[in-house]
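J.: Please find one structure pasted underneath; my questions will follow.
The values are calculated or read from the model by the stated rules, or taken from the named source; none is laboratory data. Please read all numbers here as calculations on a predicted model, not as lab measurements. Note that each Cβ is placed from the backbone with ideal geometry, even for glycine, and that neighbours are counted across all protein chains shown. Areas reflect the complete protein model, heavy atoms only, side chains present, ligands, DNA and RNA absent. Shrake-Rupley method; radii C 1.70, N 1.55, O 1.52, S 1.80 Å.
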Amino acid sequence: MGTITLRQAAAWCGGTVEEKYADIPFRGANNDTRTLRPGQLFVALQGARDGHEFIHDAMKKGAAAVLCTRMMGDYPAIYVSDPRLALGEIARRERMRIGMQIVGVTGSVGKSTTKEMVAQVLETTFRTAKTPANHNNDIGMPMAILDMPEDTQVAVLEMGMNHFREIAYLSRIARPDLAAITNIGTTHMEFLGSQEGIRKAKMEILEGMAPDARLLLNGDDTLLRSLEEQPEQPIIYFGSDEQCNVYATDVTQEEGLIKFTVHDDGGDSFPVQLHLDGLHYVSDALAAITVGLSMGVEPDRIRAGLDSFRNMSGRQEVLQIGAVTVIKDCYNAGPESMEAALKVLGTKSGGRIAVLGDMLELGACTPAEHYRIGRMAAQKSDYVFAYGPNASRVVSGCLTGGMDALHAQAFTEKEKLIAQLTRVLKPGSYVLVKGSRGMHMEQIVDALQKREN
């Protein structure tokens, strides 16, 4: 990460700093005193708690200075009217100073996996940095940029949102040279109204892109193949359709291994393998392959990068807990990712148990989507244990789908669900645990591990 002085940062964001502190440097930024590192800029944000309350703790933990709205003591500080916007502007100027190429990744489903795959491909050729974990919003992404090494050649930035204009804000900070949109699903329908609204929000990524920056779109997604307005940026399509610029054929799934052949519109082709379960990962890999090819990465290096890829913690993470196999997929959930996870469970044998938490932010679609997922779960599993306010709708779908009331049950308390789950577990069982992040389904996996230990 680069060293920035308070004088420099204040000039970038229109803030003020006392002259006696103006030449103090900082490296990186953080808004959480629990993870703050010595030498970082502490950003005092207004959230559920006022960040200004934590300034004293931040300085005790070694913060170099504070980005805040008002004086709380005699310490190094940049004073601004809005620390969030100031953080974004400092990150934007630092991105320009480093001069790295930016790959932006967004979409309804699979954007984090795609971001990780893109980084794995690019690391074979470039000094590559990426947004960590869930640093994909208006706070996390700027902090990630400020944490990147000065010699970074390419940065892969995940961009998330649940309201209009959020992607536009992130794009204007990042100014992507290349952007990939994985798909248009139904997550965040509550705030965006329709899939067309979701597409409009995702396409805001264009607002920070130069006219010659490239836009990579999933050609298998009908909403991305039929854009209301054609952007001025060149479009590169990836998918299973031979009309796409980059497409896959001969796709096969063995236990824990996906194989396919990649073709590009230049007539070249090469084989790829992924150490993953679930054919939905092919689309994520094609996005990463298309990024790699667009940036001149050799096919052999693309293959090597994807061959070494392993899934992120909490995303279809396979855990062996005693004689039971648990598929931990608790990072987030929407109808599309829930379908994909159930399809993977459906390929297993030995007792298939789906433990499903609510899918959040679906708005008016909430009842119908939980019911539909229940119907699908009845076909892909032997037991369904649903948790949350919409658990009864999942179970209704299961019953309609042919599952009896002993095998499909709704719970409002995790303790009762865990007790019932442990009663039906047997050696060789496969347990899928999935739900939106706010449902904290990882607590069920933790309980199984604790029980085994």
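J.: Report, by residue number, each residue of the range 177-193 that is at pLDDT below 90 and in a loop (DSSP other than H, G, I, E, B).
T.: Quick first cut of the range 177-193, residues at pLDDT below 90 only: 185-193.
Once the filter is applied, which keeps residues that are at pLDDT below 90 and in a loop (DSSP other than H, G, I, E, B), the range 177-193 yields Gly185, Thr186, Thr187, His188, Gly193.
J.: Looking at the range 352-377, which of its residues are out of contact with any Asp or Glu (no Cβ under 7 Å at 6 or more places or on another chain), closer than 18 Å to Glu442 by Cα and either among the aliphatic types (A, V, I, L, M) or in a helix (DSSP H, G or I) (or both)?
T.: Ala354, Val355, Leu356, Leu360
J.: OK, next. Residues Gly219, Gly193, Gly160, Gly239: which one is small (Gly, Ala, Ser), surrounded by fewer than 21 Cβ atoms within 10 Å (Cβ to Cβ) and either more than 14 Å from Arg95 (Cβ to Cβ) or in contact with a helix residue (DSSP H, G or I) (Cβ under 6 Å, 6 or more places away or on another chain) (or both)?
T.: Details: Gly219 fails: surrounded by fewer than 21 Cβ atoms within 10 Å (Cβ to Cβ); Gly160 fails: surrounded by fewer than 21 Cβ atoms within 10 Å (Cβ to Cβ); Gly239 fails: surrounded by fewer than 21 Cβ atoms within 10 Å (Cβ to Cβ).
Matching residue, one of Gly219, Gly193, Gly160, Gly239: Gly193.
J.: Going residue by residue through the range 410-419, is there one that turns out to be assigned to a helix (DSSP H, G or I), surrounded by fewer than 17 Cβ atoms within 10 Å (Cβ to Cβ) and not basic (Lys, Arg)? Reasoning before the result, please.
T.: Filtering the range 410-419 for residues assigned to a helix (DSSP H, G or I) gives 414-419.
Imposing the further condition that a residue be surrounded by fewer than 17 Cβ atoms within 10 Å (Cβ to Cβ) reduces the set to 415-416, 419.
Next cut, not basic (Lys, Arg) only: 415, 419.
Looking through the range 410-419, at least one residue is assigned to a helix (DSSP H, G or I), surrounded by fewer than 17 Cβ atoms within 10 Å (Cβ to Cβ) and not basic (Lys, Arg).
J.: Filter the range 420-453 for residues that are open to solvent by 30 Å² or more (accessible area, probe 1.4 Å) and polar (S, T, N, Q) and give the result.
T.: Gln420, Thr422, Gln443, Gln449, Asn453
J.: May I pose another question? Looking only at helices (runs of 4 or more DSSP H) that lie completely in the range 42-155, which have at least 1 residues being under 24 Å from the mean Cα position of the chain (by Cα) and at pLDDT below 95? First the steps, then the outcome.
T.: On the way: elements: 55-60, 83-98, 111-122, 140-146.
Those helices (runs of 4 or more DSSP H) span 111-122.
J.: Being within 30 Å of Cys330 (Cα to Cα) and of a type outside the set (D, E, K, R) is the requirement here; does Gly88 meet it?
T.: Values: within 30 Å of Cys330 (Cα to Cα): yes; of a type outside the set (D, E, K, R): yes.
Answer is yes for this residue.
J.: Let me confirm something: among Ser396, Ser392, which residue is farther than 26 Å from Ile184 by Cα, at pLDDT 95 or above, out of contact with any strand residue (DSSP E or B) (no Cβ under 7 Å at 6 or more places or on another chain) and surrounded by fewer than 23 Cβ atoms within 10 Å (Cβ to Cβ)?
T.: Ser396
J.: Also: How many residues does the range 31-90 hold that are over 23 Å from Arg165 (Cβ atoms), touching a helix residue (DSSP H, G or I) at 6+ places or on another chain (Cβ under 9 Å) and open to solvent by 60 Å² or more (accessible area, probe 1.4 Å)?
T.: Matching residues across the range 31-90 total 2.
J.: Here's a follow-up. For the range 371-404, how many residues are touching a helix residue (DSSP H, G or I) at 6+ places or on another chain (Cβ under 7 Å) and free of Cβ contacts under 8 Å to residues at least 24 places away in the same chain?
T.: So the count comes out to 1.
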